[in-house]
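Presented below is the structure to which this report refers.
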Amino acid sequence: MKNKFIDSLSLTSGERKGVIVLVLIIFIIAGIQAFLAFHNSPVPSFDDSTFFSRIIADDPSENDSIGFAVYEVQDIRDTFGLFIFDPNTVSAGDLMRLGLNTRLIRTWLNYRTHGGRFYSASDVRKIYGMTPYIYERIRPYITIRTVTGGIVRPKNNARITEKAGINTCDSTDLLRVIGIGPVLSGRIIKYRRLLGGFYDMQQLSEVYGINDSLVKVISLSFYADTINLHSININEASEETLRRHPYLGRYISGGIIKYRTNVQIINDLEELKDNGILTGEQFEKVKKYLDI
């Protein structure tokens, strides 16, 4: 009887291998779950009460001297990140979103409460506790607005009081805008040349590396001067010339040439839309660059 019971518990060679494989699979799955749990832990979100409790926990004796009544803590999103901000008006909540610790935020706000003001991006380095790493991380996003609505130029601190034309400026003018370096400046000039000029400042977001926030900053100093837009005569231009335009490309350019060959002359730009060569959206986007 005992031998029968033992025999019932024994495993064949194949069964033993199956158990070993099963155990290995369980360990691998557990390891993957542990790895994902560690690397995908949610970023904590903060509301105003959480922020104030952290400030008080750091040093309750300094809480009354911060003057938080003057600074309204704005909505703090669930994730930290970098964004355009004015160091003279940025809120405590937004400073936390930028990744600053509570002690540095407290020092920043105390400086402003006692009459301190930032006149250039480099002034932020004077805040006690500001490390080179933090400064270099937030520096490209610092925008100091003047009373007239312009911004302080970081290179020479000269204030921009009147907007310049985006289609007539040079790379040196663009370099004076916070967040624009030699690479982005060169891309803007090159894309402007390919387009034939910008008719809307929002077109800058089509330039690789420029987001909507940076477009807003550039728009503080520049406007779309459309008087000198360069257009293409679709009755005379070659297919290669049409193809080089960012809004046309190979397929549309081929369609225009084919249609022009059939009708001999295009009398109205609307023909391109009416005959399905351009969609309504494409037509509205490119019509300022076409002529007959």
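Pick from region 128-137 the residues that are in contact with a Leu (Cβ under 8 Å, 6 or more places away or on another chain) and within 19 Å of ILE84 (Cα to Cα): which of them is surrounded by the fewest Cβ atoms within 10 Å (Cβ to Cβ)?
Per the criteria, the residue is ARG137.
Could you please find all residues in region 216-240 being within 32 Å of the chain's Cα centre (by Cα) and not in a loop (DSSP other than H, G, I, E, B)? Lay out the reasoning, then the answer.
Step one: list which residues in region 216-240 are within 32 Å of the chain's Cα centre (by Cα), which gives 216-231.
Residues satisfying the conditions are LYS216, VAL217, ILE218, SER219, PHE222, TYR223, THR226, ILE227, ASN228.
Has region 198-212 got at least one residue that is more than 30 Å from PHE85 (Cβ to Cβ), aromatic (Phe, Trp, Tyr) and crowded, with 16+ Cβ neighbours inside 10 Å? Outline the logic, then answer.
Residues of region 198-212 that are more than 30 Å from PHE85 (Cβ to Cβ), as a first pass: none.
Checked against the condition, which is being more than 30 Å from PHE85 (Cβ to Cβ), aromatic (Phe, Trp, Tyr) and crowded, with 16+ Cβ neighbours inside 10 Å, region 198-212 yields no hits at all.
May I ask you to list the residues in region 259-268 that are open to solvent by 70 Å² or more (accessible area, probe 1.4 Å), in a helix (DSSP H, G or I) and touching a helix residue (DSSP H, G or I) at 6+ places or on another chain (Cβ under 9 Å)? Spell out how you get there, then give the answer.
Step one: of region 259-268, the residues open to solvent by 70 Å² or more (accessible area, probe 1.4 Å) are 261-262, 264-265, 267-268.
If we keep only those that are in a helix (DSSP H, G or I) as well, we get 261-262.
Within region 259-268, no residue meets the criteria.
Go through (1) open to solvent by 10 Å² or more (accessible area, probe 1.4 Å); (2) free of Cβ contacts under 8 Å to residues at least 40 places away in the same chain and name the single condition VAL215 misses.
Here VAL215 meets the rest and fails (1).
Of (1) surrounded by fewer than 16 Cβ atoms within 10 Å (Cβ to Cβ); (2) farther than 21 Å from ASN167 by Cβ, ASN228 satisfies all except one. Which?
(2)
Which condition number does PRO246 fail, the rest of (1) modelled with pLDDT of 90 or more; (2) under 35 Å from the mean Cα position of the chain (by Cα); (3) assigned to a helix (DSSP H, G or I) being met?
Against the list (1) modelled with pLDDT of 90 or more; (2) under 35 Å from the mean Cα position of the chain (by Cα); (3) assigned to a helix (DSSP H, G or I), PRO246 comes up short only on (3).
What's the number of the condition ILE256 fails, among (1) among the β-branched types (Val, Ile, Thr); (2) within 32 Å of the chain's Cα centre (by Cα); (3) surrounded by 14 or more Cβ atoms within 10 Å (Cβ to Cβ)?
Against the list (1) among the β-branched types (Val, Ile, Thr); (2) within 32 Å of the chain's Cα centre (by Cα); (3) surrounded by 14 or more Cβ atoms within 10 Å (Cβ to Cβ), ILE256 comes up short only on (2).
Being touching a residue at least 24 places away in the same chain (Cβ under 8 Å), under 14 Å from SER219 (Cα atoms) and assigned to a helix (DSSP H, G or I) is the filter here; which residues of region 175-208 pass it?
Answer for region 175-208, where residues must be touching a residue at least 24 places away in the same chain (Cβ under 8 Å), under 14 Å from SER219 (Cα atoms) and assigned to a helix (DSSP H, G or I): MET201, LEU204.
The values are calculated or read from the model by the stated rules, or taken from the named source; none is laboratory data. Just so it is clear, the model here is predicted, and its values are computed rather than measured. Ideal geometry is used to build each Cβ from the backbone, glycine not excepted, and the neighbour counts take in all protein chains shown. The protein model used for the area step is the full one, side chains on, heavy atoms only, and it has no ligands, DNA or RNA in it. Shrake-Rupley method; radii C 1.70, N 1.55, O 1.52, S 1.80 Å.
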